[in-house]
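*Asks:* Provided herewith is a single structure, encoded as structure tokens, for subsequent inquiry.
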Amino acid sequence: MTTTTLTIADLHGRVEAIFRKAGLNAVQAGALARVIVAGERDACKSHGIYRIEGALRTVKSGKVKPDAVPELDLNEGSAIVKVNADGGFANAAFELGVPALAERTRKLGIAALVINDCTHFSALWPEVEAVTKEGLAGLVMCPSYATVAPAGGNKPLLGTNPFAFGWPRKDTSPYVFDFATSVAARGEIELHRRAGKQLPEGWAIDADGHPTTDPEAALAGAMLPFGGHKGSAIGTMIELLAGIMIGDLTSPEVLDYLGTTTLAPFHGELIIAMSPQAFAAGRPGDPFARAELLFEAIVGSGARLPSQRRFAAREKSETEGVVLTAAELELLDRLFEK
Ligand code: NDP
Ligand code: PYC
């Protein structure tokens, strides 16, 4: 297979140029390029350059505002900082809100950033890592569109509702997990379809509610929650907290609004940041030192920490560059010429 290696900066330049040419303003294009390039850099293909086409399709459909300018509402004195994304992508809104979130969390011990009226198609770990970079623990969640059957149900109702957590660590990468609350992200099903590969069993049911390994049938039917009733309940919690509680759309409402799953979903997002020192104040032991003992024990047991694969891929990309196939490079060229 022919491959080409690009530096992270070169790839960023190419992705940003595609978005600028498609009419996105500098704030939107820069934030989107950062998150997509981070996906390629960290070997997260389901949220890397493959997502550019969907983002451009969403721009073309008029369902996301390419020149949106997110607006910060500091909500002084409150633990809740808000950003109205102005109908643009969530990433630019997040970048605007995170310094205020960190400042408020340091002051109060816990604070939340609510993002409303945004289009969100990306992985959540870049956001949770922005929180851990501030020395804070973070939880990030958002709905998606109705594509997942609740456990025991046979029709799509919940979203693939991603859920991420991060814990800061001194002198090393943070502890981060980030996953869809469906067995797999929908992007993975689409990548299987494109590659002509069958899905593993247990990922999806067809439109009649029967188990299927055919990606086409899965996309027309419903995906399954991870961990049966447990994933189903966490997915429902995300609809409640990051949809209804923040006054934004739930996954079924998103699907009604868009009428398709071929566009990036429009909804809200919830980010909760916590100061471990503030929570542990007055109690014995340093929370960060105690956390290290736990991580050591996990690794010592033979397990790996979540995100270790990603951090290893990042280190490689940072020293050797990002490897793209000829087809991926052609995709970038084609999207720029469009
Ligand atoms: P994965 O199942 O690929 O990974 C989930 C997490 O588990 C990762 O943190 C991963 O770390 C970790 N992990 C995987 N294997 C192991 C292991 N053996 N031991 C310890 N940890 C492990 O994620 P999903 O397919 O569920 O989701 C992929 C992405 O899709 C996420 O980034 C999510 O945010 C995004 N997404 C976004 C949506 C949206 O609406 N915006 C909707 C749904 C998903 P590592 O990466 O190092 O393997
Ligand atoms: O991969 O499930 C997914 C997804 C949905 C919206 C953005 N990503």
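The values are calculated or read from the model by the stated rules, or taken from the named source; none is laboratory data. This structure is a prediction, so every number in the text was calculated from the model and none was measured. Don't worry about glycine lacking a Cβ; one is built from the backbone with ideal geometry, like all the others, and counts go over all protein chains shown.
*Asks:* Note down all Cβ pairs under 7 Å where the first residue falls in the stretch 317-338 and is in the same structural domain as Glu16 (by TED's automatic domain parsing), the second is exposed (fewer than 12 other Cβ atoms within 10 Å of the Cβ) and in a loop (DSSP other than H, G, I, E, B), and they're at least six residues apart or on different chains.
*Replies:* Thr325/Met1; Ala326/Thr2
*Asks:* Can you spot a residue in the stretch 201-215 that is assigned by TED's automatic domain parsing to the domain that holds Trp125, in contact with a Leu (Cβ under 8 Å, 6 or more places away or on another chain) and within 14 Å of ligand 1 (Cβ to nearest atom)?
*Replies:* no
*Asks:* Would the stretch 60-68 turn up any residue that is part of a helix (DSSP H, G or I) and within 16 Å of ligand 2 (Cβ to nearest atom)? Spell out the reasoning first.
*Replies:* Quick first cut of the stretch 60-68, residues part of a helix (DSSP H, G or I) only: 60-61.
Next, from what is left, pick out any that are within 16 Å of ligand 2 (Cβ to nearest atom): 61.
Yes, that holds for at least one residue.
*Asks:* Please state which one of Ala102, Ala111 is part of a helix (DSSP H, G or I) and small (Gly, Ala, Ser).
*Replies:* Ala102
*Asks:* Working only within the stretch 1-46, note down all residues that are among the hydrophobic types (A, V, I, L, M, F, W, C) and over 24 Å from Glu320 (Cβ atoms).
*Replies:* Correct list: Phe19, Ala22, Leu24, Ala26, Val27, Ala29, Ala31, Leu32.
*Asks:* Give the residue that is surrounded by the most Cβ atoms within 10 Å (Cβ to Cβ), with candidates limited to residues of the stretch 57-90 that are among the hydrophobic types (A, V, I, L, M, F, W, C) and more than 15 Å from Cys118 (Cα to Cα). Walk me through it before giving the result.
*Replies:* First pass over the stretch 57-90, keeping only residues among the hydrophobic types (A, V, I, L, M, F, W, C): 59, 64, 68-69, 72, 74, 79-81, 83, 85, 89-90.
Of the ones still in play, those that are also more than 15 Å from Cys118 (Cα to Cα) are 74, 79-81.
Numbers: Leu74: 12, Ala79: 16, Ile80: 15, Val81: 26.
Filtering the stretch 57-90 for residues that are among the hydrophobic types (A, V, I, L, M, F, W, C) and more than 15 Å from Cys118 (Cα to Cα), the one surrounded by the most Cβ atoms within 10 Å (Cβ to Cβ) comes out as Val81.
*Asks:* Right, next: For Val254, work out the one condition from (1) within 14 Å of ligand 2 (Cβ to nearest atom); (2) closer than 23 Å to Lys197 by Cα; (3) of a type in the set (A, V, I, L, M) it doesn't fulfil.
*Replies:* Only one criterion is unmet by Val254, namely (2).
*Asks:* Identify, by number, the condition in (1) touching a residue at least 40 places away in the same chain (Cβ under 8 Å); (2) surrounded by fewer than 12 Cβ atoms within 10 Å (Cβ to Cβ); (3) in the same structural domain as Met141 (by TED's automatic domain parsing) that Gly300 doesn't meet.
*Replies:* (1)
*Asks:* If you go through the stretch 124-153 one residue at a time, how many are β-branched (Val, Ile, Thr), away from ligand 2 (no atom under 16 Å from the Cβ) and under 22 Å from His267 (Cβ atoms)? Lay out the reasoning, then the answer.
*Replies:* First pass over the stretch 124-153, keeping only residues β-branched (Val, Ile, Thr): 128, 131-132, 140, 147-148.
So of that shortlist, the ones also away from ligand 2 (no atom under 16 Å from the Cβ) come out as 131-132.
Narrowing the set further to residues that are under 22 Å from His267 (Cβ atoms) leaves 131.
The total comes to 1.
*Asks:* Among the β-branched types (Val, Ile, Thr), in a helix (DSSP H, G or I), in the same structural domain as Ala137 (by TED's automatic domain parsing) and in contact (Cβ under 8 Å) with a residue 40 or more places away in the chain - does that describe any residue in the stretch 235-247? Give the steps one after another, and end with the answer.
*Replies:* Of all residues in the stretch 235-247, those among the β-branched types (Val, Ile, Thr) come to 236, 238, 244, 246.
Within this subset, residues satisfying the condition of being in a helix (DSSP H, G or I) are 236, 238, 244.
Checking which are in the same structural domain as Ala137 (by TED's automatic domain parsing) leaves us with 236, 238, 244.
With the extra rule that they be in contact (Cβ under 8 Å) with a residue 40 or more places away in the chain, the set shrinks to 236, 238.
The answer is yes; a qualifying residue exists.
*Asks:* Considering only the stretch 195-209, I want to know if a residue exists there that is under 21 Å from the mean Cα position of the chain (by Cα), surrounded by fewer than 21 Cβ atoms within 10 Å (Cβ to Cβ) and outside any loop (DSSP other than H, G, I, E, B).
*Replies:* no
*Asks:* Quick check, is Leu335 touching a helix residue (DSSP H, G or I) at 6+ places or on another chain (Cβ under 6 Å) and within 29 Å of Asp86 (Cβ to Cβ)?
*Replies:* yes
*Asks:* Would you tally the residues in the stretch 156-166 being part of a loop (DSSP other than H, G, I, E, B) and within 9 Å of ligand 1 (Cβ to nearest atom)?
*Replies:* Within the stretch 156-166, residues that are part of a loop (DSSP other than H, G, I, E, B) and within 9 Å of ligand 1 (Cβ to nearest atom) number 4.
*Asks:* Which one is nearest to ligand 2 (Cβ to nearest atom) among residues in the stretch 172-184 that are outside any strand (DSSP E or B) and crowded, with 20+ Cβ neighbours inside 10 Å?
*Replies:* The extreme case among them is Ala180.
*Asks:* Continuing with the same structure: Which of the residues spanning the stretch 167-191 are more than 6 Å from ligand 1 (Cβ to nearest atom), of a type outside the set (S, T, N, Q) and over 13 Å from the mean Cα position of the chain (by Cα)?
*Replies:* Scanning the stretch 167-191 gives Trp167, Pro168, Arg169, Lys170, Asp171, Pro174, Tyr175, Val183, Ile189, Glu190, Leu191.
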